[in-house]
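**Student:** Can you read through this structure? Questions will come right after.
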Amino acid sequence: QVQLVESGGGLVQPGGSLRLSCAASGRTVSTYTMGWFRQAPGKERDLVAAITWRGGGSTYYSDSVKGRFTISRDNAKNTVYLQMNSLKPEDTAVYYCAATVGPISQQLRHWDYWGQGTQVTVSS
């Protein structure tokens, strides 16, 4: 199995920055597609960013975060990061790390492993 553990969440003011980390363990995940989802209360869990290992690493960003968030990975550390800049109150959500042996997908059922989630709150 693969275990994913998120960290780095917390309270930040609008316009601020935060970096989330997702540490993987249990087996080698260097070939997995990695993604970040978020879920606000009463809302669907949506894909916000993803990265593959192939071709030097292709990336995906949702329209709501493009230009503000950056996903990256360090295979030597089995860790994926989400750098979040210019944060807005609407970014407030629980952020989940996920992994799949398949390609980038917006469908939850295509993702094989999930972290426990970390809370991000953007408020003054």
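The values are calculated or read from the model by the stated rules, or taken from the named source; none is laboratory data. Everything numeric here is computed off the predicted structure, so don't read it as measured data. Positions of Cβ are backbone-derived with ideal geometry, glycine not excepted, and every protein chain shown enters the neighbour counts. For accessibility, only protein heavy atoms count, side chains too; no ligands or nucleic acids. Shrake-Rupley method; radii C 1.70, N 1.55, O 1.52, S 1.80 Å.
**Student:** For the stretch 1-59, how big is Rg over Rh, using alpha carbon atoms and the Kirkwood form of Rh?
**Tutor:** 1.01
**Student:** Apply the Karplus parameterisation 6.51 cos²θ - 1.76 cosθ + 1.60, with θ equal to phi minus 60°, to every residue of the stretch 74-88 and state each ³J(HN,Hα) to the nearest whole Hz, in sequence, with x for glycine and proline.
**Tutor:** 10, 5, 5, 9, 6, 9, 10, 10, 10, 8, 10, 10, 6, 5, 10
**Student:** A further question follows. With charges only on Cβ, +1 for K and R and -1 for D and E, what is the dipole size of the chain about its Cα centre, in debye, rounded to 20?
**Tutor:** Using Cβ point charges on Lys, Arg, Asp and Glu, the chain gives about 180 debye.
**Student:** With a 1.4 Å probe and every protein chain kept in, tell me what percent of the accessible surface of the chain is carbon plus sulfur.
**Tutor:** On the chain, the fraction of accessible area on carbon and sulfur atoms equals 47 percent.
**Student:** Could you compute how much accessible surface D112 exposes when probed at 1.4 Å, giving the result in Å² to the nearest 10?
**Tutor:** Rounded to the nearest 10, the figure is 80 Å².
**Student:** Length gain on complete extension for the stretch Q1 to Q83, per 0.36 nm per residue less the alpha carbon to alpha carbon distance?
**Tutor:** 26.9 nm
**Student:** Let me ask you something else. Mind checking the log10 I(q)/I(0) for the chain at q = 0.11, 0.13 Å⁻¹? Debye, one equal scatterer per Cα, no solvent, two decimals.
**Tutor:** With no solvent term, the Cα-only Debye profile gives -0.32, -0.45.
**Student:** Out of all DSSP beta bridges in the chain, what portion is antiparallel? Express it as a percent rounded to 5.
**Tutor:** The antiparallel fraction comes to roughly 90 percent.
**Student:** If you rank L47, L108, L18 by how much accessible surface each has, with a 1.4 Å probe, what is the order from largest down?
**Tutor:** These residues rank, largest area first, as L108, L18, L47.
**Student:** Whole-Hz Karplus ³J(HN,Hα) for the stretch 109-114, in order, using 6.51 cos²θ - 1.76 cosθ + 1.60 and θ = phi - 60°, x for Gly and Pro?
**Tutor:** Along the stretch 109-114, the couplings run 5, 7, 9, 8, 9, 9 Hz.
**Student:** How charged is the neighbourhood of T121? Take every other residue with its Cβ under 13 Å from the Cβ of T121, and add Lys/Arg as +1 and Asp/Glu as -1.
**Tutor:** 0
**Student:** For E6, E44, write out the residues from largest to smallest accessible area, computed with a 1.4 angstrom probe and no ligands counted. Kindly include the intermediate steps, with their values, before the conclusion.
**Tutor:** Numbers: E6 10, E44 140 Å².
Per-residue accessible area, sorted high to low, gives E44, E6.
**Student:** How large is the accessible surface per residue of the chain, computed with a 1.4 Å probe and reported in Å² as a whole number?
**Tutor:** 51 Å²
**Student:** I'd like the FRET efficiency for Q106 and T31, computed as 1/(1 + (r/R0)^6) with the beta carbon distance as r and R0 of 30 Å, rounded to 0.05.
**Tutor:** 0.90
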